[in-house]
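The values are calculated or read from the model by the stated rules, or taken from the named source; none is laboratory data. Because the structure is a prediction, the values reported are computed rather than measured. Virtual Cβ from ideal backbone geometry, glycine too; neighbours counted across all protein chains shown. In case anyone asks, the SASA skips ligands and DNA or RNA and just uses the protein heavy atoms, side chains included. Shrake-Rupley method; radii C 1.70, N 1.55, O 1.52, S 1.80 Å.
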Amino acid sequence: MDPVEEIKAKLDIVEVIGEFVALRQQGKNLVGLCPFHQEKTPSFSVNREAQFFHCFGCKAGGDVITFWMKYHNLGFNEAVEDLCSKYGIELPKSKEVLPQSIKALYAVNEAAMDFYKRALADKEIGRSARAYLEKRGLNKEILEEFGIGYAPDSWDALSTYFQRKGLLQEGLRAGLIGKSRQGTYYDRFRDRIVFPLWGMKGEILGFGGRLLEANNNEPKYLNTPETQVFQKRRYLYGLYQNLVEIKKTREVFFVEGYVDLLTLKSYGIHNAVATLGTALTPDHLKLIKPHISEITLIFDGDTAGRKASLRVLPMFVNEEMNPKVVLLPEGHDPDSFLRERGYLEFSKLLGKATDLIEFYMYAVSKEARQREDLVLAIRELLKTIKKISSPLLQGECLRKISLNMDMSYDLLLSEMERIDDVECRQVVEGTINVQGMRIKDMEALNLFYYSPYLLKEVSVTELRHLQVSESTLSLLEKMKEQVDAFGKIETDALLQACGEEEACKIREVLLAPPIFVAGNVKRTFQMLKDQLKCNLISAKVEEAKAKGDINLIGTLLKQKADLIKNLSQNI
Ligand SMILES: [Zn+2]
């Protein structure tokens, strides 16, 4: 048996953790003081049934191996070895103890990369994709180094290939293919240039795809969903290929997309990384920080530069990093700028990079029409600076503003002190508003987790009209996929297919009892469904308006009115 499986089968998480943390029974769970953060009242729970732990305070959680890793500060392999020797489980000779589920994900991704590369090389199928890449100036060496390929313009090219190879289930788990309501399989990427997302050991963690030709029905960029091995907020595109150069120069450029990174590379700039179209996270910074002493953010010309700089500021300051910023001219990203204006102009721009706070103040004073705008913007900045944990670094920021705006330091300080702490707290969870009845993300998850059959009665499109956070939606989609395929939710498999943010949510659902019971479930669901239908119709009305289809608008509005009438009768 695989040692990881054996550890999980043989050890009881309650007994293992019980050696280090005093636990007492509370309902179906055990609780104690969290060993991972300071606390006086217990928010650390252990669930025997599903064999996991979770802290509501610091959000640490996972299975018995995760506990061992965190508690003893060990890597995955070390923790497995340690647990095996402590509890008398025999380790196989080979040092490699990657769980089977992870090996399988790497393997299916590898197979997909080969498939996409062959499609790109195919004389007929890959013709337009090759022309596109050539136009972008990406040469063969770069395409080969990054393993770039093409997903054919077909609903089932990859699915058929996977079916032949017996890889359908793994393909589903990797998010490369999906399963329709009718039970047929379809490809996630169609008519897209496909970019493998490389891990630091040269393994393929997932894929990003860019549409060959813009079309209104599909997003220009699409990534595979988060899996056990791939988390967007911890992933930097190009780090694997560029790390040597980054370490050598101790400097890194952050760009917003993978094509930008590749263009930079084709112009000889080998020390860049890209986020996957997401905002920069503290995890991104932690990944890069040990290797660099200088960091430059390159913002696209259409990025709301002021907003973007405000968002990343506290993150950098908390990591004691002082990045520089380059804002490209309007309408340009690094790719278009380099191709139109050339390397020399680009390096001139880089030479003009400014300090982040100075950049913000500059953007503000350019935008502000009157003194009041400026005051508002400074207040916004002070709110951000208040989130910085070190008073010393806070002072440093205030000094910069005071210099830039010619305002007294003490005035800025007293203004910052006045800002209410509540204003500084960010709203994380989205809420669904059902005709005056509000359901939070966690409530929606609780409803569907404990009454999974309901997921059969909503379509994926309808789900997307729930106003919930991205991670909640992705979880609901995964739950629906399982219910459609197996008629129930397999918690273990679900946890394995999830990124940490999603896993954290499942753990919290599992630790809570069902919120909605008996008749309440049906009623809540009916209202939710009606509301979703309303949202869907509203979206269609907007479409019809854009097309000027008056008949259709009329029909849709009538449908919506009927729905709302029904809704009020139900309440
Ligand atoms: Zn904790």
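Has region 49-57 got at least one residue that is touching a residue at least 24 places away in the same chain (Cβ under 8 Å) and part of a helix (DSSP H, G or I)? Within region 49-57, none of the residues are touching a residue at least 24 places away in the same chain (Cβ under 8 Å) and part of a helix (DSSP H, G or I). Restricting region 17-30 to residues that are among the small types (G, A, S) and within 26 Å of N73 (Cβ to Cβ), the residue that is nearest to the ligand (Cβ to nearest atom) is A22.
Table: residues versus (1) β-branched (V, I, T); (2) out of contact with any helix residue (DSSP H, G or I) (no Cβ under 8 Å at 6 or more places or on another chain).
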{"residue": "L236", "(1), (2)": "no, no"}
{"residue": "Y240", "(1), (2)": "no, yes"}
{"residue": "I246", "(1), (2)": "yes, no"}
{"residue": "T249", "(1), (2)": "yes, yes"}
{"residue": "V255", "(1), (2)": "yes, no"}
{"residue": "Y267", "(1), (2)": "no, no"}
{"residue": "T278", "(1), (2)": "yes, no"}
{"residue": "I288", "(1), (2)": "yes, no"}
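Taken over region 540-571, the criterion of being within 19 Å of Q467 (Cα to Cα), at pLDDT 80 or above and open to solvent by 40 Å² or more (accessible area, probe 1.4 Å) is satisfied by K540, E542. Among the residues making up region 269-325, those that are aliphatic (A, V, I, L, M), surrounded by 15 or more Cβ atoms within 10 Å (Cβ to Cβ) and part of a loop (DSSP other than H, G, I, E, B) are I269, L276, L280, I292, M321. One residue is enough: does region 31-46 have a residue meeting the conditions more than 11 Å from the ligand (Cβ to nearest atom) and in contact with a Pro (Cβ under 9 Å, 6 or more places away or on another chain)? Yes, region 31-46 has at least one match.
Taking the conditions (1) open to solvent by less than 60 Å² (accessible area, probe 1.4 Å); (2) within 16 Å of the ligand (Cβ to nearest atom) in turn, Q51 satisfies each one other than (2). Whether a residue is open to solvent by 40 Å² or more (accessible area, probe 1.4 Å) and touching a Leu at 6+ places or on another chain (Cβ under 9 Å) was assessed, and Y258 does not pass this test. Only a single item in (1) away from the ligand (no atom under 16 Å from the Cβ); (2) under 30 Å from V509 (Cα atoms) is not met by R136, and it is number (2). Quick one: in region 439-477, which of the residues that are open to solvent by 10 Å² or more (accessible area, probe 1.4 Å) and among the acidic types (D, E) is nearest to G175 (Cα to Cα)? Among residues in region 439-477 that are open to solvent by 10 Å² or more (accessible area, probe 1.4 Å) and among the acidic types (D, E), the one nearest to G175 (Cα to Cα) is E477.
For region 309-356, a residue qualifies if it is touching a strand residue (DSSP E or B) at 6+ places or on another chain (Cβ under 7 Å), small (G, A, S) and more than 19 Å from R233 (Cα to Cα), and exactly one does: A353.
Looking only at residues of region 58-76 that are in a loop (DSSP other than H, G, I, E, B) and of a type outside the set (D, E, K, R), we find that the one that is farthest from the ligand (Cβ to nearest atom) is G75.
Taking V80, is it open to solvent by less than 50 Å² (accessible area, probe 1.4 Å), within 27 Å of T227 (Cβ to Cβ) and in the same structural domain as A157 (by TED's automatic domain parsing)?
On the way: open to solvent by less than 50 Å² (accessible area, probe 1.4 Å): yes; within 27 Å of T227 (Cβ to Cβ): yes; in the same structural domain as A157 (by TED's automatic domain parsing): no.
So V80 does not fit the description; no.
Do you know which residues across region 113-161 are over 26 Å from S336 (Cα atoms), of a type in the set (A, V, I, L, M, F, W, C) and open to solvent by 60 Å² or more (accessible area, probe 1.4 Å)? Of everything in region 113-161, those that are over 26 Å from S336 (Cα atoms), of a type in the set (A, V, I, L, M, F, W, C) and open to solvent by 60 Å² or more (accessible area, probe 1.4 Å) turn out to be I125, W155. Taking region 445-536 as the region of interest, the helices (runs of 4 or more DSSP H) fully inside it that hold 3 or more residues being of a type outside the set (S, T, Y) and under 21 Å from V229 (Cα atoms) are 470-486, 491-496, 500-511.
Of all residue pairs spaced 6 or more apart or on separate chains, those with beta-carbon atoms under 9 Å, a first member in region 203-229 that is under 16 Å from S101 (Cβ atoms) and a second member that is of a type in the set (D, E) are E203/E110; I204/E110; G206/E226; P225/E477; E226/E500; E226/E501; E226/E502; V229/E203.
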